[in-house]
Amino acid sequence: MKWLLPEYIRDMLPDEAWRIEQMRRDVLQLLRSSGYQLVAPPLIEYAESLLIRDSVDMDLRTFKLVDQLSGRTLALRADITPQVARIDAHLLNRQGIARLCYAGSVAHTQPVGVMSTREPLQIGAELYGHSGIESDLEIQRLMLQAFSLLGIRDIHLDLGHVDVFQALLADEEVSGELERALFIALQQKDVPTLQGLVRTLPVPVQNALLALPQLHGGAEVIARSRSVLPQQPRITAALAQLENAAQQLQPLAGSIGIDLAELRGYHYHSGMVFAVYHPRSHDAIALGGRYDNVGKTFGRARPATGFSMDLRQLYPLLPQQAQARAILAPYRADPALDAAIVALREQGEIVVIDLLGKAEYRSELNCDRELVLRDGKWIVVEVKN
């Protein structure tokens, strides 16, 4: 049938659309009050601007088409973060810290998760120009505050650090193919496959890589990691950052976990990474981390960290809310009625004019009150069932 939508693409009906719009406004206002400036990149760009370094996942996720004007390959954005990095690198070109935020639709060739849409409504924040843990914590706090603002409780924050994996392979001559295979096996915590992959590596590196899938849990993971991983400066610093973040973020999160096999976006990120989970969602409901190398694509690598979430994914997790009700007004050429309607709308009320004037259709207008003329004045009264 012609009116059917593609798989994992769907309409938003009024109740959902209005509430998601309110979510967007609330989160952007939170970010604005923290000094973040709104940017709005285009939905479509030349493909090379949107494909980050050698990220195979991003390449496969991106819709591509030919530009009828230039003959070059265009792409629909699958992620807004690289666009914001381009804006920071070339349009703003600030030397100090830049705090930027965004909200807009992205398109995916395949759904990222079991219940995901292929047209997420992505909202997020990015902080450029600072490499210390202070900026990581600022971004993570803002993300957790956004969940609190939206009324989404019982969240679990998972922290990881890409430097641990990178440090273990830094002194080894590992092919790109093997590195990708190790990354996939660690992400899936596939120990048998991992055992086969590490055989050519030195025994200390083998042991450390095989330990990573077991290094997940609560704060006690930090102490265990220090006892089983090599005492390399990068690993020591990474564990210290994770410990610091877990301690400082605990008051804002329902629970916090450490997962050293969490390498989500390994080719994308360069330091601490994080994901937020909820009992009623199959997939992570927010993602983020440090990605100091993204700007290199645009000729200006800058320290950067950020988070993003999909408002359409968050909608089912919102607390139940009474449906917004309205006031029904009759259709009549009456200046006094017009003035009453204007006054009510200025007070924030929803006033719907009954153009049809048929009682059988009134229930579709969701009105619990109506304007009636009594003693020469228009007043609001409850609708009688």
> Applying the Karplus parametrisation 6.51 cos²θ - 1.76 cosθ + 1.60 with θ = phi - 60° to the phi angles of the range 341-350, what ³J(HN,Hα) value in whole Hz is obtained for each residue in order, glycine and proline being reported as x?
Replying inline: 5, 4, 4, 5, 5, 5, 7, x, 7, 9
> GluC sites (Glu not before Pro), restricted to the range 96-180: which are DSSP loop and have at most 10 other Cβ atoms within 10 Å?
Replying inline: E173
> How big is the gap, in Å, between the Cα center of the range 208-257 and the Cα center of the range 321-375?
Replying inline: 59
> What ³J(HN,Hα) values, in whole Hz, does the Karplus curve 6.51 cos²θ - 1.76 cosθ + 1.60 give for the range 278-292 when θ = phi - 60°, with x put for Gly and Pro?
Replying inline: 9, x, 9, 10, 5, 10, 4, 9, 7, 9, x, x, 8, 9, 5
>> Can you say what percent of the DSSP beta bridges in the chain, counting only those with both residues inside, are antiparallel? Round to 5.
In response: 75
>> Which aspartates and glutamates, if any, have their Cα less than 13 Å from the Cα of K377, not counting same-chain residues under 8 positions apart?
In response: D334, D338
> Among the lysines, which fall within straight-line cross-link reach of K384, defined as a Cα-Cα distance under 17 Å, with same-chain neighbours fewer than 8 residues apart omitted?
Replying inline: K358
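Which of the chymotrypsin sites (Phe, Trp or Tyr not before Pro) across the range 257-347 are loop residues per DSSP, with 16 or fewer other Cβ within 10 Å?
Numbers: sites: Y266, Y268, F274, Y277, Y291, F298, F307, Y331; in loops: Y266, Y268, Y291, Y331.
In loop regions of the range 257-347 (DSSP not H, G, I, E or B), the sparsely surrounded chymotrypsin sites (Phe, Trp or Tyr not before Pro) are Y331.
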> Where the Cα atoms of the range 326-382 are projected onto their three principal axes, how long is each span, largest first, in whole Å?
Replying inline: 27, 22, 18
> Taking the mean number of other Cβ atoms within 10 Å as a proxy for protection, how do you rank 113-120, 214-221 from highest to lowest?
Replying inline: 113-120, 214-221
>> I'd like the FRET efficiency for Q320 and L65, computed as 1/(1 + (r/R0)^6) with the beta carbon distance as r and R0 of 41 Å, rounded to 0.05.
In response: 0.50
> Can you pull the Rg over Rh of the chain, Cα-only, Kirkwood?
Replying inline: 1.08
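Determine the sum of side-chain charges near A219: Lys and Arg each +1, Asp and Glu each -1, restricted to other residues whose C-beta is under 14 angstrom from that of A219. Write down the numbers at each step before the final one.
Working: positive: R224, R226; negative: D158, E220, E243, D259.
That sum, taken over residues with Cβ under 14 Å, equals -2.
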> Name the trypsin sites (Lys or Arg not before Pro) in the range 304-385 that are in a loop by DSSP and that have at most 14 other C-beta atoms within 10 Å, would you?
Replying inline: R325, R332, K358, K384
>> Can you tell me the length gained on complete extension of the stretch K189 to R32, counting 0.36 nm per residue apart and subtracting the Cα distance?
In response: 52.6 nm
>> Please list 3J(HN,Hα) in residue order for the range 134-144, calculated via the Karplus relation 6.51 cos²θ - 1.76 cosθ + 1.60 where θ = phi - 60°; whole Hz, with x for glycine and proline.
In response: 4, 6, 4, 5, 4, 5, 5, 5, 4, 4, 5
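Values quoted throughout were computed directly from the atomic coordinates according to the rules given, and no laboratory measurement underlies them. Quantities reported herein were computed from a predicted structural model and do not represent experimental measurements. Every residue, glycine as well, gets a Cβ built from its backbone with ideal geometry; the counts of neighbours run over all protein chains shown.
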